[in-house]
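**Q** Here it is, the structure, as structure tokens.
The values are calculated or read from the model by the stated rules, or taken from the named source; none is laboratory data. Since we're looking at a predicted model, the values are computed, not measured. Positions of Cβ are generated from backbone atoms using ideal geometry, with glycine treated the same way; all protein chains shown enter the neighbour counts.
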Amino acid sequence: MERTVPTTGSEEIRLYMRTYYSLLRTTDEVQIKTLVGTHLGMDSLLHPKAREKSPDISAFVYCSLRLPSCIRQTRLVVMGQSERVFARRGYPNVEQWQPVSVPGRRRRSFFDGDKTLAAYVASLSDIDDLVPILTAFQIEWNKMYWRLHNSPVSRDLETLVAEKRPLDDALRTRLQETLGISAEEFGRLEVIWKDELPGLLLDISRQRKRLAVRLLAGSQVEYRKATQRWWENIAEHVPVNLGERPVYFISSNPHSVVNMLSGFALRREEELARFVQEGDDERLRAEYADIQTHQVPSSRENFLYYVLKKYLRTPEGEQARREKRKEEARCGISHIDSHHVFDVAAQIIELRNLRPDWLDPRLRVPGIENLAYSDAVILNIDYPLGMGAYHILSQIAASVDTLRGVYILGKAATLNGRIGDVMIPNVVHDEHSRNTYLFNNVFTAASVRPYLVYGAVLDNQKAITVRGTFLQNRRYMGVFYDEGYTDIEMEAGPYLSAVYEAMRPRRYPRDEIVNLYPITFDVGIIHYASDTPFSKGQNLGAQNLSYFGMDPTYAATVATLRRILEQECARSGDRAA
């Protein structure tokens with residue numbers, strides 16, 4: 001059979017990766033400046049203005065969303081798989097440092113309060129993600145440095161920061177002109193950095209950024225040890241023996257599955273409606289009114305799930321926050337946070353303890369009462385990054401009694417659709433293994449279409465699993481687009497490599513066409529489009545309201561949970577008989 005994907009990628013991207021992996025073998029620090037040349041030569045789609053003298057604010061914003069704010073002071077980023085690795089290599093007690101987080105990445109990180117940031121890495125994908133982000137950030141920082149350093153506007157900025165005054169319109173305009181950016185671009189910096197923006201720009205004006213990185217351990221053994229510790233933490237804290245239970249595995253997020261199975265938000269509609277009416281978000285009030293009067297097709301349930309997340313973060317939501325975990329425990333839902341290794345939270349859901357009257361109405365499948373006889377559980381995890389998916393699913397497959405299904409829900413870029421569309425692939429090319437996986441996706445457009453309001457559902461798609469978000473350029477993507485690949489993401493390939501090992505007596509192959517059709521359990525993959533790299537479309541985070549994100553997320557979740565419940569109700573009905 002001929003390969004369905006080209007065997008060669010972008011040599012510029014490969015050169016960049018070879019460069020930083022060869023440098024990271026050293027036990028010493030690696031200066032980011034040594035990577036700038038190969039980074040520029042890559043012509044990344046995420047960094048289109050890297051070679052230009054004017055700042056690429058889109059790239060800088062992207063990096064800012066994926067780096068903690070302490071990156072302003074940071075000089076050295078050290079990467080390790082566990083606190084033991086950090087301690088062995090001269091960084092004891094990193095978890096007593098200041099914990100730091102970012103909105104765009106779940107990576108456990110700690111700052112020493114001076115110039116060192118410790119970042120946990122779960123696989124090579126974290127390196128493929130973090131190193132290009134640091135490089136792009138330094139490139140754009142230094143572009144702005146040359147424009148701000150010793151400029152008149154920097155002296156006024158220093159006065160403003162010293163006096164703790166907010167930016168005024170006059171200084172804002174002068175900063176835009178000095179940086180050579182538009183008002184819209186400056187506004188995006190203000191949205192991301194908020195009150196820290198004047199201090200950030202002052203830091204930029206004072207000194208060039210000279211970041212360095214150090215990989216403390218890079219062996220496969222260390223990644224496997226970290227994954228094993230992650231699993232041991234789960235096994236220790238769940239109320240059931242997962243080695244004796246059938247498992248439905250879901251990789252999604254920590255909220256949508258639990259929201260739909262517990263019904264917590266739906267039982268508190270009056271409380272949440274009062275929060276919306278008394279709040280200062282006019283758009284939420286208008287949206288809720290339109291839903292109530294059927295002026296918009298938006299899902300009432302999805303709206304309440306979205307409001308609940310906001311409500312639980314407020315002081316008035318404190319009582320609900322305490323009650324939420326208690327009520328979830330009553331219907332068989334256990335939460336396990338990650339400790340001492342990478343940041344992947346999990347939930348264990350005992351299907352026989354679910355309360356049918358609490359379920360989201362879209363999940364009340366025929367025979368739902370049969371769940372009382374089920375011995376199966378759902379293991380839902382907050383989806384990992386790249387090859388971390390392979391390590392995690394391999395560990396789970398080796399540790400549970402039986403896998404009854406593997407279901408993957410996540411974001412992807414689309415080359416032929418729009419933001420908010422849903423893509424369902426049955427072919428996945430994995431850039432890690434160079435394999436092309438052919439499989440029977442249990443989902444079709446008919447699985448999702450009834451529950452999707454705003455987007456389109458595209459099934460029979462071909463997906464490509466890339467090494468990193470920056471590790472793509474127009475030529476690289478164009479080749480795959482010409483071959484019919486339209487769905488670009490980071491986890492499906494590694495997951496399918498683990499699925500292969502769950503059905504075959506050997507490690508996954510390399511550079512082959514792999515037929516997974518004989519598999520004996522469900523495999524379902526649903527992606528929703530969050531980016532359109534071949535156009536100037538916005539990403540999900542730039543939308544005014546969250547329904548472009550909520551709608552496909554919950555449509556995919558409904559499809560997944562209905563599939564599990566239908567399968568298990570049929571099995572449990574046989575057990576009951």
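**Q** Sort out for me the helices (runs of 4 or more DSSP H) sitting completely within segment 215-306 that have 2 or more residues that are free of Cβ contacts under 8 Å to residues at least 40 places away in the same chain.
**A** Once the helices (runs of 4 or more DSSP H) in segment 215-306 are filtered for at least 2 residues that are free of Cβ contacts under 8 Å to residues at least 40 places away in the same chain, what remains is 220-237, 269-278, 282-292.
**Q** Follow-up. Is it fair to say R66 is basic (K, R) and part of a helix (DSSP H, G or I)?
**A** no
**Q** Something else now. From the list L179, L211, which one is among the aliphatic types (A, V, I, L, M), within 30 Å of A118 (Cβ to Cβ) and modelled with pLDDT of 95 or more? Lay out the reasoning, then the answer.
**A** Numbers: L179 fails: within 30 Å of A118 (Cβ to Cβ).
After applying the criteria, what remains is L211.
**Q** Let me ask another. Looking for something in contact (Cβ under 8 Å) with a residue 60 or more places away in the chain, charged (D, E, K, R), surrounded by fewer than 22 Cβ atoms within 10 Å (Cβ to Cβ) and in contact with a helix residue (DSSP H, G or I) (Cβ under 9 Å, 6 or more places away or on another chain) - is there at least one such residue anywhere in segment 87-102?
**A** Among the residues of segment 87-102, at least one is in contact (Cβ under 8 Å) with a residue 60 or more places away in the chain, charged (D, E, K, R), surrounded by fewer than 22 Cβ atoms within 10 Å (Cβ to Cβ) and in contact with a helix residue (DSSP H, G or I) (Cβ under 9 Å, 6 or more places away or on another chain), which makes the answer yes.
**Q** Considering only residues of segment 157-203 that are β-branched (V, I, T) and part of a helix (DSSP H, G or I), which is farthest from D56 (Cα to Cα)?
**A** T159
Per-residue answers, yes or no, for (1) farther than 24 Å from A397 by Cβ; (2) aromatic (F, W, Y); (3) at pLDDT 95 or above:
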residue	(1), (2), (3)
S219	no, no, no
H255	yes, no, no
L261	no, no, yes
R267	yes, no, yes
D280	yes, no, no
I291	yes, no, no
H294	yes, no, no
N302	yes, no, no
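**Q** Identify all residues within segment 157-166 that are farther than 19 Å from S64 by Cβ and either surrounded by 14 or more Cβ atoms within 10 Å (Cβ to Cβ) or not assigned by TED's automatic domain parsing to the domain that holds L200 (or both); write none if there are none.
**A** So the first thing to find is which residues in segment 157-166 are farther than 19 Å from S64 by Cβ, and the list is 158-160, 162-166.
Passing the criteria: E158, L160.
**Q** Can you tell me how many residues within segment 22-53 are at pLDDT below 95, surrounded by fewer than 17 Cβ atoms within 10 Å (Cβ to Cβ) and hydroxyl-bearing (S, T, Y)?
**A** Qualifying residue count for the region: 2.
**Q** Let me confirm something: among S394, S447, S433, which residue is more than 23 Å from I127 (Cα to Cα) and of a type in the set (S, T, Y)?
**A** S447 is the lone residue from the list that is more than 23 Å from I127 (Cα to Cα) and of a type in the set (S, T, Y).
**Q** Okay, moving on. Quick check on my filter: what residues within segment 437-450 are over 23 Å from the mean Cα position of the chain (by Cα) and not in a loop (DSSP other than H, G, I, E, B)?
**A** Correct list: L438, A445, A446, S447, R449, P450.
**Q** Right, here's the next one. Give the residue that is modelled with the lowest pLDDT, with candidates limited to residues of segment 432-457 that are touching a Pro at 6+ places or on another chain (Cβ under 7 Å) and crowded, with 19+ Cβ neighbours inside 10 Å.
**A** G455
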